[in-house]
Amino acid sequence: MPFATLGLAPEMLPAFTRALDAAGYTAPTAIQAQAVAPILRGDDVLACAATGSGKTAAFALPLAAARGLVLVPTRELAAQVGATLQALGR
């Protein structure tokens with residue numbers, strides 16, 4: 001399944017594609033495929049997945065066309081999330 005099928009804004013797909021390619025993403029992970037559509041609908045999403053499964057990108061992709069606040073419990077996780085948001089927001 002390509003990222004284009006997740007319902008992301010069509011006008012942003014070229015930028016998303018470049019950013020995803022640069023970040024090494026080739027296809028949505030399971031958590032991304034399951035979470036992006038409900039997030040785009042405005043639904044609340046609670047997800048649990050292993051480290052490295054793409055959770056940050058699952059909420060970062062829909063967030064890229066909006067403004068949001070991301071709260072995390074540790075400074076280390078904040079740095080990791082910030083780096084992912086910057087990479088995907090190019």
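The values are calculated or read from the model by the stated rules, or taken from the named source; none is laboratory data. It should be emphasised that the depicted structure is a prediction, and the values quoted were computed from it without experimental measurement. Cβ coordinates were reconstructed from backbone atoms using ideal geometry, including for glycine residues, and neighbour counts include every protein chain displayed.
Every condition in (1) surrounded by 14 or more Cβ atoms within 10 Å (Cβ to Cβ); (2) under 12 Å from the mean Cα position of the chain (by Cα) is met by Q86 except one, and the failing one is (1).
Could you count how many residues in the stretch 66-82 are more than 13 Å from G54 (Cα to Cα), in a helix (DSSP H, G or I) and among the hydrophobic types (A, V, I, L, M, F, W, C)?
Looking only at the stretch 66-82, we keep the residues that are more than 13 Å from G54 (Cα to Cα), and these are 66-79, 82.
If we keep only those that are in a helix (DSSP H, G or I) too, we end up with 75-79, 82.
In the following step, the residues that additionally are among the hydrophobic types (A, V, I, L, M, F, W, C) were identified as 77-79.
Adding up the residues that qualify gives 3.
Scanning the stretch 36-46 for residues that are surrounded by 15 or more Cβ atoms within 10 Å (Cβ to Cβ) and either part of a loop (DSSP other than H, G, I, E, B) or charged (D, E, K, R) (or both) yields one hit, V45. What residue, among those in the stretch 50-73 that are hydroxyl-bearing (S, T, Y) and surrounded by 10 or more Cβ atoms within 10 Å (Cβ to Cβ), is nearest to the chain's Cα centre (by Cα)? Among residues in the stretch 50-73 that are hydroxyl-bearing (S, T, Y) and surrounded by 10 or more Cβ atoms within 10 Å (Cβ to Cβ), the one nearest to the chain's Cα centre (by Cα) is T56.
Suppose we filter the stretch 1-18 for residues that are within 21 Å of A49 (Cβ to Cβ) and not hydroxyl-bearing (S, T, Y); how many remain?
Initial filter on the stretch 1-18 (within 21 Å of A49 (Cβ to Cβ)): 1-3, 5-8, 16.
Among the residues that remain, those that are also not hydroxyl-bearing (S, T, Y) are: 1-3, 6-8, 16.
Looking only at that region, the number is 7.
Could you go through the stretch 40-54 and let me know if any residue there is closer than 17 Å to G82 by Cα and of a type in the set (S, T, N, Q).
Taking the stretch 40-54 as the starting set, the residues that turn out to be closer than 17 Å to G82 by Cα are 51-54.
Now restrict to residues that are of a type in the set (S, T, N, Q): 51, 53.
Checking the stretch 40-54: at least one residue is closer than 17 Å to G82 by Cα and of a type in the set (S, T, N, Q).
In the stretch 7-19, the count of residues that are modelled with pLDDT of 90 or more, surrounded by 11 or more Cβ atoms within 10 Å (Cβ to Cβ) and among the hydroxyl-bearing types (S, T, Y) is zero.
Does the stretch 2-23 contain any residue that is on the phi > 0 side of the Ramachandran plot and free of Cβ contacts under 8 Å to residues at least 24 places away in the same chain?
Taking the stretch 2-23 as the starting set, the residues that turn out to be on the phi > 0 side of the Ramachandran plot are 7.
Still in the running and free of Cβ contacts under 8 Å to residues at least 24 places away in the same chain: none.
Looking for residues that are on the phi > 0 side of the Ramachandran plot and free of Cβ contacts under 8 Å to residues at least 24 places away in the same chain, one finds none in the stretch 2-23, hence no.
Taking the criterion of being without any contact (Cβ under 8 Å) to a residue 60 or more places away in the chain and out of contact with any helix residue (DSSP H, G or I) (no Cβ under 7 Å at 6 or more places or on another chain), would at least one residue in the stretch 57-66 satisfy it? Checking the stretch 57-66: at least one residue is without any contact (Cβ under 8 Å) to a residue 60 or more places away in the chain and out of contact with any helix residue (DSSP H, G or I) (no Cβ under 7 Å at 6 or more places or on another chain).
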